[in-house]
Each structure stands twice: as C-alpha cells, then as structure tokens.
Amino acid sequence: MNENKAWLAHYPESISKTIEIPDKPLCQILKETTDTYPTHNAISFYGRKMNYQELYLLSQSFASSLQKRQVQKGDRAAIMLPNCPQYVISYYGILTAGAIVTQVNPMSVERELEYILKDAEIETIVCLDTLYPRVKSVQPRTKLKNIIVVSLQPSGQDFTPDPSLEEFLKEGDGTVTPVEFDSANDVAVLQYTGGTTGKSKGAMLTHRNILANVLQSHEFFKHEIKVGQEKCLTIIPLFHVFGMTSCMNLSIYSAAEMIILPRFDLEEVLTTIKNEQPTMFPGVPTMYVAITNHPKAEEYGINSITTCNSGSAPMPVELLRSFERKTGSKILEGYGLSEASPTTHCNPPFAERKPGSVGIGMPSTEYKIVDLASGTDEVPTGELGEVVIKGPQVMKGYWNLPEETANTLRDGWLYTGDIARVDEDGYLYIVDRKKDMIIASGYNIYPRDIEEVLYEHPAVQEAVVVGVPDPYRGEDVKAFIVLKAGQSATEQEIIQYCRQNLAAYKVPRSVEFREQLPKTGVGKILRRALREETLKN
C-alpha cells in the first residue's frame, strides 16, 4: 500500500519533510534553553515574571526533593493543577528525576481521581490546595505516599500534615543524581484518555515521542516562530496534551515567554492580551468564538497575535474568517490525538490553507485512509475510511493494556478510529470523530463515563448519552433515559445526581425521558439514531 504523498509537494525547500530526533530526554530542552537564554522571561503569571534560569533551578530543586524521598526512575507522579508556574516546575522536576508525569484533570471527581491513582499506582501527587480534601479522601484506597500542596493565593494553604510546594523544594539540596535515559523507550508522560470500553487508558508517551512532536511543530512553523522573541498565550489546560506540547514544551524549546492563565475568562483574557501583547495563541474554537463576538475586542490590541493554531474540536469556517477579520492573524486548524503527542496534521503556514480541512502531515508523519471493514486496504483519493498514522510521535502503547495496544497499533500504524478522507492535494478532512465521542468546549467526553453514572441511579433502567450541537461549546451532552417501572425522577434530579458524580464539563445539560430506546435486533441501543433524530429537531 502506498499512502497518498501528494502533500509532501507543498513543503518548500526551506522546511524539512523529515526530522532528526536526538537521543536525549525531554527535560534536556529546558537546560539547553536556559544555557542560551538564562535571563529571558519563561513565564508571566498575572504580571509576575520568571526567567529561564529561575525556572530551571526550581525544577532542579523539585527533582532533588523527589529523589530525597526515594522517588525512582519509572515511578509515576501525578500533577493535578490548573495552569500556573508550579505546573511547569513540577512537570520538568518529575522528568528530571526520571519519574513519569501523570496528568490529572483538576476537575476530576473522587471516583475519576481514584481510578487513575490506582491504575498508574501513583505514589506522589502535586495538587491545588482547594483539591487537597479530595485527594486525602481517596488516599487510603491508593498507594499515595507523597502529597505536595500548591496555593495560588497569597494567604496560602491552611495547615496540613503535607508540605506546601515551597516547603517541599527545601527538602532536597538542589543537586540531582543523574539518571540514565533511553529516550525511545522510557515513558515521560502517562496521558489518560477516555475509551469506548468505559475505562480511561493511559497512553504511554516516551521522551522521544514528545520531543519529536515539539521538533515537528517547530520545523513546521519555523518561519513563524522567532526563537527568543515570541510570547505564547497559554490558556489551554496544560494537563491536556495539546496544551502540554503546543504551549508549554514548544515555548520552552523556542525560548518563548508563556503568558499563563488558569482559566478562560473573556475579560481577563482580553485585558491580558492588551497588557502582555502575545504573538501566539493556541486555542479551541469556543475561545475564538468568545473573542470574535466581544463588541470591543479590537480595542484590546488583539492584532498583536499573529499565529493561532486551533485544535481539540472542529473549527467552523465562518468563525475562522470572522476572527481573522478582527485580528489580522492566521488560524491554522490542525488535528491530533493523545496517542500521538498529539499533533499529526495542520494547515500549513507556507502553503494553501483549506478551511474545513485539518491540513497536511507534520514532518516525518505518514498517513493513509484505509477501508472500515478490514483496515488493511487503502481507499481511493476522496473516499471515506479510517485515517491511520505512522510517525515518531506515536505512543509506545497503552499502560497495562496489551490487547487495546495491539488493536490500536498495527504494523507500526496508529488506528485513530476517526473517519476521514484525503483530497488530491493530500489534505485531510475529518468527517466523523471517534465513535460516539462528544467534544464540548474542547474537552473530550466519552458517553460511557456518563452512562455508567446514570445506570447507578436507582430509578434508571436504561440510559444513553449523545452530543447535540451548541453554538458556543460546540456540543452539549444530552441524556435519554428510560425509568424503571413504578419509579419517577425529574430532569433536574438527574442532572444534580450527575453533578455529584462527574466532572462539571461531563454533566448533561438536558435529559429526555422515553418509554423505550431504539435498538438493534440484538438489543444494542442505537445511539446514532438518537443523535440523528436530535439533529432533525
């Protein structure tokens, strides 16, 4: 099978179609940037600045303290923080000590947190002070030994038996016992992603995987990124693989300044843009929608932004054009997935941009469209099939899931589960997403996670969840429920029950009660039929 390689012709001679990946750990990029740009700003957080020398020394202190607590190479250490300087310090400190970063969404409720802590056998976690009670409540059922508490408020945390980050950094002497890395095989990050089985899967991203994706992105945007001069507006969650690579790691490799915000608050974002004048803005469509619709957006100097790469959800063409008219910047829509560190495709800044497409392959990335039945035969140009990908950014496999790994990685190809087509120029168009997945405000939501909670409600007999269009969030979650005979429940009761058992972004916005749900001959609920029915109404 020869995959469509027409896209390679779009690369100019100045941009490499393939890249060399040095054999070094991911954390080395922070040291190299610090050696060259020690006094350049690395982070801006509500006006407080931290240069690369300071960031590097703090990450070294973090690694030293981990080693003092006998954290060994290959141990898993979790970070459960919003975007903040402490996130970057912890991330690079964990890697420097040879441990594996496990990123946990700070919105995770106890049951979700407990699952990850148990599955990865995590012994160390860095958490926000407001999340500390949640962590302590699940600790007895896990192997958790070390809890490091971060406070973003000047008043600090209340007294706890566990150290604050500031106290923890003083435990070591600042020296780090060198770790021998095998960058191609040693896992740097366990990136948990939902799955159709209902269990989250830990994608094992090696040092080489993530470093490769940073180098691929840097080469792809080499004429847009001016090393040592860029400012990256960092609002996408760093615990999300898109934010991790496109904001944090790419910024550090490029000696850029990360302008960090812990959440997307429109007025705060616009004020930050006005004060800090960022040049790069990786984002998701809902962020661009909010800025575009603000009546006075131009007054905040948003034209400082020159390059935006959009991911995590489809970008409506009209939104793209409206945002660009207001800012004068370019939005380059891309595509990726946790299993690929994440970026595999993007509309090129150096060639034709095709709205509605996710662009062409990154350097050293191969892709093709295969038939849905067997997954072995490549389909003709323009026809639908499953997009499969091969490249140095593709994960090592799923943590402790050999069967899932074998099903997803076949003969060196990553089977994405996404239905797509490729045009005659090699541009990729995603037609349908992974089976049943809902994307709301850039968050991946897997219906099974919600359905399992719904089925635990004493009045629920059957439940199914679908995504319904929403002009702002992209999609909202809607639940269809059949109640048990003689039982009753209201829409608000169901929603409140979900709020108690699910992260906020997963909670259904609407609930519809049915006498019965559409099913196949063997009794499988026809989720697609409900989705199509909803779209017609």
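A few notes on this one:
- Note on region 1-40: residues that are in a loop (DSSP other than H, G, I, E, B), buried (at least 16 other Cβ atoms within 10 Å of the Cβ) and not aromatic (Phe, Trp, Tyr) total 10.
- Search result, residues across region 348-390 that are modelled with pLDDT of 95 or more and either within 30 Å of THR102 (Cβ to Cβ) or under 20 Å from the mean Cα position of the chain (by Cα) (or both): GLY359, GLY361, MET362, PRO363, SER364, THR365, GLU366, TYR367, VAL387, VAL388, ILE389, LYS390
- Search result, residues across region 165-188 that are in contact with a strand residue (DSSP E or B) (Cβ under 8 Å, 6 or more places away or on another chain) and more than 12 Å from HIS207 (Cβ to Cβ): LEU165, PHE168
- Residues being more than 34 Å from the chain's Cα centre (by Cα) and either surrounded by 14 or more Cβ atoms within 10 Å (Cβ to Cβ) or within 12 Å of GLU462 (Cβ to Cβ) (or both) - total across region 520-537: 1
- Complete set of residues in region 331-355 that are in contact with a strand residue (DSSP E or B) (Cβ under 6 Å, 6 or more places away or on another chain) and of a type in the set (D, E, K, R): GLU333, GLU339
- When TYR367 is tested against (1) surrounded by 17 or more Cβ atoms within 10 Å (Cβ to Cβ); (2) in contact with a strand residue (DSSP E or B) (Cβ under 7 Å, 6 or more places away or on another chain); (3) in a loop (DSSP other than H, G, I, E, B), exactly one condition is not met: (3).
- Restricting region 186-208 to residues that are among the polar types (S, T, N, Q) and in contact with a helix residue (DSSP H, G or I) (Cβ under 8 Å, 6 or more places away or on another chain), the residue that is farthest from LYS17 (Cα to Cα): THR197
- Number of positions in region 424-467 that are touching a strand residue (DSSP E or B) at 6+ places or on another chain (Cβ under 7 Å) and outside any strand (DSSP E or B): 13
- Test: residue in region 389-396 that is touching a Ser or Thr at 6+ places or on another chain (Cβ under 8 Å), touching a residue at least 24 places away in the same chain (Cβ under 8 Å) and assigned to a strand (DSSP E or B): yes
- Meets criteria (in a loop (DSSP other than H, G, I, E, B) and either touching a helix residue (DSSP H, G or I) at 6+ places or on another chain (Cβ under 6 Å) or surrounded by 23 or more Cβ atoms within 10 Å (Cβ to Cβ) (or both)) for PRO82: no
This table checks each residue for (1) buried (at least 19 other Cβ atoms within 10 Å of the Cβ); (2) over 23 Å from VAL104 (Cα atoms); (3) among the small types (Gly, Ala, Ser).
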residue	(1), (2), (3)
TYR443	yes, no, no
GLU462	no, yes, no
CYS498	yes, no, no
SER510	no, yes, yes
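- Qualifying residue in region 448-455 (condition: more than 22 Å from the chain's Cα centre (by Cα) and of a type in the set (A, V, I, L, M, F, W, C)): yes
- Residue check for THR327: buried (at least 19 other Cβ atoms within 10 Å of the Cβ) and either at pLDDT below 90 or not hydroxyl-bearing (Ser, Thr, Tyr) (or both): yes
- Spans of strands (runs of 3 or more DSSP E) in region 246-364 with at least 1 residues charged (D, E, K, R): 257-260, 330-336
- Region 417-431: number of residues that are closer than 12 Å to VAL370 by Cα and at pLDDT 95 or above: 1
- Just one of the listed residues (THR343, THR376, THR381) is within 28 Å of ALA188 (Cβ to Cβ) and of a type in the set (Ser, Thr, Tyr), and it is THR343.
The values are calculated or read from the model by the stated rules, or taken from the named source; none is laboratory data. It should be emphasised that the depicted structure is a prediction, and the values quoted were computed from it without experimental measurement. As a convention, Cβ positions derive from the backbone with ideal geometry for all residues, glycine included, and neighbour counts pool all protein chains shown.
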